[in-house]
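The values are calculated or read from the model by the stated rules, or taken from the named source; none is laboratory data. Keep in mind the model is a prediction, meaning the values are calculated, not measured. When we count neighbours, we look across all protein chains shown, and the Cβ atoms used for this are built from the backbone with ideal geometry, even at glycine.
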DNA sequence: ATCATCG
DNA sequence: CGATGATAGCGCTCA
DNA sequence: TGAGCG
Ligand SMILES: [Mn+2]
Ligand SMILES: [Mn+2]
C-alpha cells in the first residue's frame, strides 16, 4: 500500500482544554491539516521544512526535526543540503502534497517552519520579514509596532501583509522578487529596524540580549538566514488553545486576538473567505535602491 | 513516533 | 526482552 | 571561542 498511511492514537489529547474551548486531539490535528491542505500547501511547497514534533502532545517533550528519518516512506520528497556547522548532510522534507501533510501530522509534527526560499533558488528569500516578538503577554503592543513597521515599509515603497504568529507575536511580510540573497535582505531589514528603533525607541528594540530589551517589542530580523525559519501561515502552534498563524488585514489588526484563530475556528473562516494570505499578498517587489547601499 | 543501542 | 537516547549541540551576532 | 537567542 504505497498510498496508505496508518494513523495512530487519534484520540490522544494534543492540546488540553483551554478556557471555553475543548481539548484538541491528534485526530483533530490530522483533520485540520487535511482540510487546510489547499491553503497550507502553497506556503510549504518546495521549501525545506523544519518541524517541531510533540509525540505526547503539547504538554510533553518536543524536538526539532530537520533531517528526514530513515523510516520515512520512500514517497516523501526531500532535498539534501549541507549543514555548515554540523558538517553533515541534512535531508529536508519538501511538503508538496496532502499525503505528506498527513504523514507529518501522524508523526506529531505540530509546528511547520519552512524556509523563506525555495529549492530552485535556495539562497534567495522571496520575502523581507519582520518577526515581532513582544516582551511578555502584550499582543496589543505588538499590534501598535506592526502598524509602525507597515508605515515605515510604505514610506520606503514596500507593501506588506501581517499575520499572527499564533503565539503573542506578529509577522510582517513584504514579498520580494528573488533578486537578493539572504544577506542583502537581512541587512536591509536591519537598516529599517534600526530606523524604527531610532524613531520609537520607547516601544521598539533591536536589542539582541533579552536583558537590554526592557519590556519593548523586539524586531527580530534573524529569521532572514538560510536554515532559519518561522511558523508558516496556517501552521498550528504548540500553545494553549491550539492557535494557528493567521493572516489579518491591517484595518482589522487592532480588533483581533491570537486566540481568534485556532484549529477549531480557522477551517470555517477559510471555507467562508478562502485563502486570505494569498488574496492579501501584494505582488513580489524590488528593494528600493537607496536601501541597498552597502 | 520511531529506531538504534545497551543492559 | 525493556529501558534509554536521539531526533538542531542549527545559524547568527555580539562580547 | 563561546554565550545567548529564536
Ligand atoms: Mn516570533
Ligand atoms: Mn523571533
Determine whether the range A:131-138 contains at least one residue that is at pLDDT 95 or above, crowded, with 18+ Cβ neighbours inside 10 Å and either more than 16 Å from DNA strand D (Cβ to nearest atom) or within 15 Å of residue A:51 (Cβ to Cβ) (or both).
-> no
Listed residues A:89, A:97; which is surrounded by fewer than 18 Cβ atoms within 10 Å (Cβ to Cβ), in contact with a strand residue (DSSP E or B) (Cβ under 9 Å, 6 or more places away or on another chain) and in the same structural domain as residue A:50 (by the TED database)?
-> A:89
Is the range A:150-164 home to any residue that is within 12 Å of ligand 1 (Cβ to nearest atom) and in contact (Cβ under 8 Å) with a residue 60 or more places away in the chain?
-> yes
Of the numbered conditions (1) within 14 Å of ligand 1 (Cβ to nearest atom); (2) modelled with pLDDT under 95; (3) within 22 Å of residue A:150 (Cα to Cα), residue A:223 fails exactly one; give the number of that condition.
-> (2)
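Please note which strands (runs of 3 or more DSSP E) are completely contained in the range A:58-111 and include at least 3 residues that are away from DNA strand D (no atom under 16 Å from the Cβ) and within 22 Å of residue A:122 (Cβ to Cβ). Break it down stepwise before answering.
Working: elements: A:63-65, A:78-83, A:88-94.
The strands (runs of 3 or more DSSP E) meeting that bar are A:78-83, A:88-94.
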